[in-house]
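Each remark here refers to the structure printed beneath this line.
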Amino acid sequence: MIHNVRIMQTGNPTSPSSVLVTGGGRRLGAVICQAFARAGWHVWCQYRASGAQAKSLCAALRSEGHQVEAIEGDIGTEEGRLALGAQVAADEPLRCIVNNASAFEPDTGLDFDPEEAIRQLSVNLIAPMSFARLLALQAVAGDGIDRCAIHVLDQKVFNLNPDYFSYTVSKLALERAIALQAQSLCDKVRVCGVAPGIMFPSGPQDAENFQIAAKSNPLRRPINPADVACTCVFLAGMRSMTGTTVVVDNGQHLVPLERDIMFVVEELLKKNLS
């Protein structure tokens, strides 16, 4: 599905203007690819298991006259990340990476599986850190390219509850890594974050639960994924911003919850039926 993405103009990106979006074939990743393409960027849409969706998205955007490529890659291993980075950089210098792909599995601090936790850490934390480093290693003194790594977080990092334990731990670490990488890579790459709230059904969540949960924020309305995508485009073009995270969640992080919003709504629905 092609979303109606509003483009925030922050000035045309200087050439080259190539961006890699991980997990770009579906959900938020697809909307991010649309936003960058329509803002004039050359978009590389990375996918692993969503090849059909990624290729369909890219074909639709190319029909609009945009430069978009679907590219298969394994971001869960360093070998795969290096191969993906080399394949993209062989075409033209990469200016931005949006680390959108994530692993999201239910567990708690009592029942988490160590191997599954390591997998989530690899995808959610190590991969974004590695891609930002790869972007920095491509920098050549005096090339004039303003490079930016954007890490997609979750409003949960500012509104803690113990559900999805391993996922939350990985995103907490990534949120702290933004400032550290911004300091460490400051002469080569800007590093920023965007923290969305609930935008799509997750895990076992049904349509009724999602419709209620999506409006359980101070603005009492669903979060538009296009707003998150346009924030990524804004950060990529805003040369004065680094080491900071923008929360795009209709104020969801301002409403403390003891459980994940899905489980809160589930309990409310059960009470209404009893």
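Summary table
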read-out	value
Degrees separating the helix 261-273 axis from the principal Cα axis of the chain, which is the longest one	30 degrees
The chain: calculated mean residue ellipticity at 222 nm from DSSP helix runs of at least 4, using -39500 (n - 2.57)	-12500 deg cm²/dmol
Pairwise FRET efficiency - Asp111 versus Ser63, Cβ, R0 = 51 Å, nearest 0.05	0.60
Derived scalar couplings ³J(HN,Hα) [segment 210-225; Karplus, 6.51 cos²θ - 1.76 cosθ + 1.60; whole Hz; x for Gly, Pro]	4, 4, 6, 4, 5, 9, 8, 8, x, 8, 6, 8, x, 7, 7, x
Folded to 0 to 90 degrees: helix 51-63 orientation relative to the chain principal axis, Cα	60 degrees
Hz values of 3J(HN,Hα) by residue in segment 27-35 - Karplus curve (6.51, -1.76, 1.60), Gly and Pro given as x	6, 4, x, 5, 5, 5, 4, 4, 5
Gain in span if fully extended, Ile212 to Ser240, counting 0.36 nm per residue against the direct Cα distance	6.3 nm
Environment charge at Ser50 (Cβ cut-off 11 Å; Lys +1, Arg +1, Asp -1, Glu -1)	+3
Descending principal axes extents, the chain, alpha-carbon based, whole Å	65, 39, 35
Kirkwood Rh and Cα Rg combined as Rg over Rh, evaluated for segment 129-227	1.09
Tilt relative to the chain, helix 127-137 - C-alpha long axis, 0 to 90 degrees, to 10	20 degrees
Cβ-based net charge around Ile178, under 12 Å, with every Lys or Arg adding one and every Asp or Glu removing one	+2
Label point at Phe200 placed 7 Å out along Cα→Cβ; residues across segment 217-248 whose backbone nitrogen lies under 13 Å	225-226, 229
Å³ per residue enclosed by the Cα convex hull of segment 151-208	89 Å³
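Computed from the coordinates by the stated procedures, all read-outs in this text should not be read as laboratory data. Note that the structure is predicted; figures quoted are calculated from it, not measured. As a convention, Cβ positions derive from the backbone with ideal geometry for all residues, glycine included, and neighbour counts pool all protein chains shown.
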